[in-house]
Amino acid sequence: MRPREKCGLALVVVLGLLAAPAAAVIPNAQKLADAVARTNRAQGRSGPLLFDVTLRIGDSPPLATGVLASHPTGLARLELRSNQGFVERHLLQGSEYRASRDGQLLRSPRPFLPPLFLLQAVSGAALRAALSSYGVSAGEVVLGLADDRDCYVLGGRLPRATGGEERRLPSLWIDMETYEVVRVDRQDGVRFRFGPPGSFDGIRAPSWIAIEVQGQMPVQLDVVRVAPANAPAAAFGIDWLLAPQPAPAPVFR
């Protein structure tokens, strides 16, 4: 074998040895989804939940108070009562998002309602189905860094474009040590970041949720209270979204 061929073979062997450990630390997508679902169940989040929240934009004081109901089947609704007197309602049905203000549909609503049902999936199969409906390629896993947390990324991620501009794939970011969901990226540029979990009467849930849209001031929902909800799927419908004011009393408590 000629010297150049020996060098080339040695390089292939070295690269193979370097790549093998990296591949070994990445679980397959099914096992990762199962681990996330086990964490959801252990943290008490596997049933319908109610979140009492306050909403801030940028560095503002709270601008609204609200009640967010989330169902593990992929449904969620949020009613916000603004300090200025109007009421906004946001409805999420899988990947379909709609909102109203004082009973009138909004053409381009800000995405104030996070997909918390991804933190409630009771099984790996349910999580993968929810991710598929949300546009996430649930069969691909890569590594990523979210803030200072090492993560598995279900759905993949794109490298930074020239000039530092970030392009996004729909993806679910999972803490490598705790298997908590820490981030959800949508392809349209919306990012949901979940703060460290707090304890709310035995339920572990994010203490805050940051909502980032490129070109807009960041929004934050601060979680005040979390409780189990009596939330039938029929309660997450267009009739609730378009109901005239005053809004009906919550039916989930």
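Any read-out appearing in this document is the output of simple, stated calculations on the displayed coordinates, not a laboratory observation. The structure displayed is predicted, hence computed values, not measured ones. Counting neighbours? That spans all protein chains shown, and the Cβs are built from the backbone with ideal geometry, glycine included.
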Using alpha carbon positions and the Kirkwood radius, the Rg to Rh ratio of segment 30-102 is 1.08
For Arg168 and Glu96, extending 7 Å from Cα along the Cα-Cβ vector and measuring point to point gives, in nm, a value of 2.3 nm
Note, ³J(HN,Hα) from phi for segment 230-237, Karplus 6.51, -1.76, 1.60, rounded to Hz, x at Gly and Pro: 8, 10, x, 4, 5, 6, 9, x
Distance in Å, no decimals, from the C-alpha centre of segment 26-66 to the one of segment 132-155 is 16 Å
Starting from segment 102-150, pick out the trypsin sites (Lys or Arg not before Pro) whose DSSP state is loop and whose Cβ has at most 12 other Cβ atoms within 10 Å. Arg107
Estimated distance in nm for a label pair at Leu242 and Asn83, the labels positioned 7 Å out from Cα along Cα-to-Cβ: 3.3 nm
Loop only by DSSP, 15 or fewer other Cβ within 10 Å of the Cβ. Give me the chymotrypsin sites (Phe, Trp or Tyr not before Pro) in segment 68-159 that pass, ordered by residue number. Phe86
Mean projected area in nm² (Cα convex hull; one quarter of hull surface) for segment 26-241: 11.9 nm²
Over its Cα atoms, what ratio of radius of gyration to 2.2 N^0.38 Å does segment 61-112 give? 1.13
Fully extended, how many nm does the chain gain between Asp59 and Val25 (0.36 nm per residue separation, minus their Cα-Cα distance)? 8.3 nm
